[in-house]
Amino acid sequence: MYVAVKGGETAIRNAHRLLAERRRGDRSVPALTVDQILEQLTLAVDRVMSEGSLYDRRLAALAIKQARGDLIEAIFLVRAYRTTLPRFGASLPIETSRMLVERRISATFKDLPGGQLLGPTFDYTHRLLDPDLAEDREPEPAETADPPEDRAIPRVTDLLGRDGLIEPDGGATEEAPGDLTRGPLAFPAGRDLRLQALARGDEGFLLALGYSTQRGYARTHPFAAEIRLGEVAIEIAVPGLDFPVAIGRIQVTECQMVNQFRGSAEAPPQFTRGYGLVFGHCERKAMAMALCDRALRARELGEDLTAPAQDEEFVLSHADNVQATGFVEHLKLPHYVDFQAELELLRRLRAEFDERRADDASDEREAAE
Amino acid sequence: MSAPAVPAAYNFAYLDEQTKRMIRRAILKAVAIPGYQVPFASREMPMPYGWGTGGVQVTAAIIGADDVLKVIDQGADDTTNAVSIRAFFAKTAGVATTTRTADATIIQTRHRIPETALKAGQILVFQVPIPEPLRFLEPRETETRTMHALEEYGLMHVKLYEDIARHGHIATTYAYPVKVEGRYVMDPSPIPKFDNPKLGDSPALQLFGAGREKRIYAIPPHTRVESLDFEDHPFEVQRFAEPCGLCGATGAYLDEVILDDRGNRLFVCSDTDFCEERRRAGHCGAKAAAMEPTS
């Protein structure tokens, strides 16, 4: 029996009610609070915050709750809110050498000014499931010391730069940095826009691309010169004041990759840079971003363009998971009209095919007789 | 219908006025250069990319308090996404909505052009997934923009020719490329090629919005629009062997509804408003009596 596709409105309303019910789950289990997500699922919160590109942990936690733990859906919620916010201006470049570091490691020097500081890391844990956690047993309190205020820790790349062994990083320009959320992205894109796209880009996508460069698809010989995690001050220039005004602090993860470069007739042999910077604690993302940034500089550095990770249009057009998930999932929307058009053509082609075959068969029969 | 109150937290029709102005500028440029894809600073919208964010932004930028909005998806007013977008504007702009093509001032559509001829003063807003007609021949934006600039469309003709060589027909059945006012080759969005003849010389303004791809383009009223073809393989539209089962219309685009697993099927108008109007006027299809919707 044919029933017209009526009642979309009621169907949508009912679906939303069921979604809310599923989100809540078994009502005999206490509801998850935003504070619990904020305090105990911090790395999920940080991923949503960085790929949502809005520094607000509480909103990110709320989005995770609302999205039933689907992080890309949560990122989408944050993005759709962010887009409605007014822009007051741009901050001054953050100074990561003045970061209050919670973690700082270098893979290129055994010891260095400022030292190696492991901080909270999974790196040397054994990945054995911990039954104690299932029983809500409280962990032993960790001893922490407040980092000394205003203790500048020089960046490894600055130390290399002093000897001219690494290319300069260009420094800050007078030009306002581009913003791909306020203007359409055109190619070739400047490094500012590329880095913005990578910082907002999907961790999984960048991870796979970064990994591909390590496996020979645009090999860049990377060294993790430094990874640091900590808080930096956000400063703005206020017209009429001749000093910058700090308006708050944010936590960021920074990764500086040092990569090989032979040099040329004009340029002395020097290391080159790949850079990653992400809101919150997102170390894997920062490292993958630095690998991708370096690979995308291939044209600028006169390298052969052979691999996907070097292809700016390919990488930047597909790094955004909100765009990607939208277009992939839109295949769920009705396509009856287009499908009907294909069906009609296919039936016609089939009819012609069958006709031809029948003709051929009768020709053969005639020839045989 | 009484207009629901506009929520205080968002501007009229959701987008802020600065964004609307930016989009209107892109629309004006698009109207000035028919068929040319104008890049615009597409915003993130509260519905997913692929769900019509481009069309929604265009509609939000042009809609006024006294507009009457119709939204269709696959020709139907009551498919879920059409319902959702109509509800979005009813909520954020408080505008009147309609399902009647003749009563609407703005019609947002996905994949169809209404059967009822449009009038001067009406605006048809298309939701576009991939605005670049050359995209599947050349994936790079830098290349395709150059090809448009140089009016270098040979590749498209080669593709159509290869179809003929392989299948005996041009095998493009929807999103069939057109040339606008003798200059730009344009993707009409995934409408069936059945609808292509309605694009040309229309008294209505036709606007195309692609949100994810950040492009807007337009066909101003009474513009020449030709579907690409060859002299010996002229463009032709789909024809259906039987009339609409509900209203008896011939020459309308039909959806195929599978009735059971024994091969019984029903062909009905994809344009639900057109079909209902005809039935109200007393037209009756062969299967109308048996197939009245139960709701």
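Sub-6 Å Cβ pairs linking a first residue in the range B:94-108 that is within 23 Å of B:Arg280 (Cα to Cα) to a second residue that is among the small types (Gly, Ala, Ser), at least 6 apart or interchain, are B:Thr97/B:Ala90; B:Thr98/B:Ala104, ordered by first then second residue.
If the condition is being open to solvent by 50 Å² or more (accessible area, probe 1.4 Å) and facing chain B (nearest Cβ under 7 Å), then the range A:173-183 contributes only A:Arg182. Filtered by the rule that a residue be among the charged types (D, E, K, R) and in a helix (DSSP H, G or I), the range A:195-232 gives A:Arg200, A:Glu203.
Checking A:Arg365, A:Arg273 one by one, the residue that is open to solvent by less than 30 Å² (accessible area, probe 1.4 Å), more than 14 Å from chain B (Cβ to nearest Cβ) and either touching a strand residue (DSSP E or B) at 6+ places or on another chain (Cβ under 8 Å) or assigned to a helix (DSSP H, G or I) (or both) is A:Arg273 and no other.
Of the residues making up the range B:149-157, not a single one is within 10 Å of chain A (Cβ to nearest Cβ) and over 12 Å from the mean Cα position of the chain (by Cα).
Whether a residue is at pLDDT below 95 and in a helix (DSSP H, G or I) was assessed, and A:Tyr2 does not pass this test. Annotation: of all residues in the range A:43-79 being aliphatic (A, V, I, L, M) and open to solvent by 20 Å² or more (accessible area, probe 1.4 Å), the one that is farthest from the chain's Cα centre (by Cα) is A:Leu62. When we screen B:Arg112, B:Arg140, B:Arg100 for residues that are within 14 Å of another protein chain (Cβ to nearest Cβ) and open to solvent by 20 Å² or more (accessible area, probe 1.4 Å), the only hit is B:Arg140.
Give the residue that is modelled with the highest pLDDT, with candidates limited to residues of the range A:8-39 that are open to solvent by 90 Å² or more (accessible area, probe 1.4 Å) and within 14 Å of chain B (Cβ to nearest Cβ). Among them, the one singled out is A:His16.
Remark: pairs (first residue in the range B:31-58, free of Cβ contacts under 8 Å to residues at least 24 places away in the same chain; second residue of a type in the set (Lys, Arg); Cβ separation under 6 Å; 6+ apart in sequence or on different chains) = B:Glu44/A:Arg79. Of everything in the range A:328-362 that is of a type in the set (A, V, I, L, M) and under 30 Å from B:Trp51 (Cα atoms), the residue that is most open to solvent (accessible area, probe 1.4 Å) is A:Leu331.
Here A:Thr325 passes the criteria (1) open to solvent by 10 Å² or more (accessible area, probe 1.4 Å); (2) more than 13 Å from every other protein chain (Cβ to nearest Cβ) except the one numbered (2).
With respect to the conditions (1) part of a helix (DSSP H, G or I); (2) open to solvent by 70 Å² or more (accessible area, probe 1.4 Å), A:Ala145 falls short on a single one, namely (1).
Of the residues making up the range A:288-306, those that are touching a helix residue (DSSP H, G or I) at 6+ places or on another chain (Cβ under 7 Å) and either open to solvent by 10 Å² or more (accessible area, probe 1.4 Å) or not in a loop (DSSP other than H, G, I, E, B) (or both) are A:Ala288, A:Met289, A:Leu291, A:Cys292, A:Asp293, A:Ala295, A:Leu296. Screening A:Arg98 with (1) closer than 30 Å to A:Pro154 by Cβ; (2) open to solvent by less than 50 Å² (accessible area, probe 1.4 Å) gives one miss only, at (2). Give me the residue from the range A:110-129 that is of a type in the set (A, V, I, L, M, F, W, C) and either in contact with a Lys or Arg (Cβ under 9 Å, 6 or more places away or on another chain) or more than 18 Å from A:Ala152 (Cα to Cα) (or both) and, out of that set, most open to solvent (accessible area, probe 1.4 Å). The residue in question is A:Leu129.
Looking only at the range B:168-185, residues that are within 14 Å of chain A (Cβ to nearest Cβ) and open to solvent by less than 70 Å² (accessible area, probe 1.4 Å) come to 8 in all.
The values are calculated or read from the model by the stated rules, or taken from the named source; none is laboratory data. All values derive from a computational prediction rather than experimental measurement. Quick reminder, even Gly has a Cβ in these numbers, built from the backbone with ideal geometry, and neighbours come from all protein chains shown. Note: areas computed on protein heavy atoms with side chains; ligands, DNA, RNA excluded. Shrake-Rupley method; radii C 1.70, N 1.55, O 1.52, S 1.80 Å.
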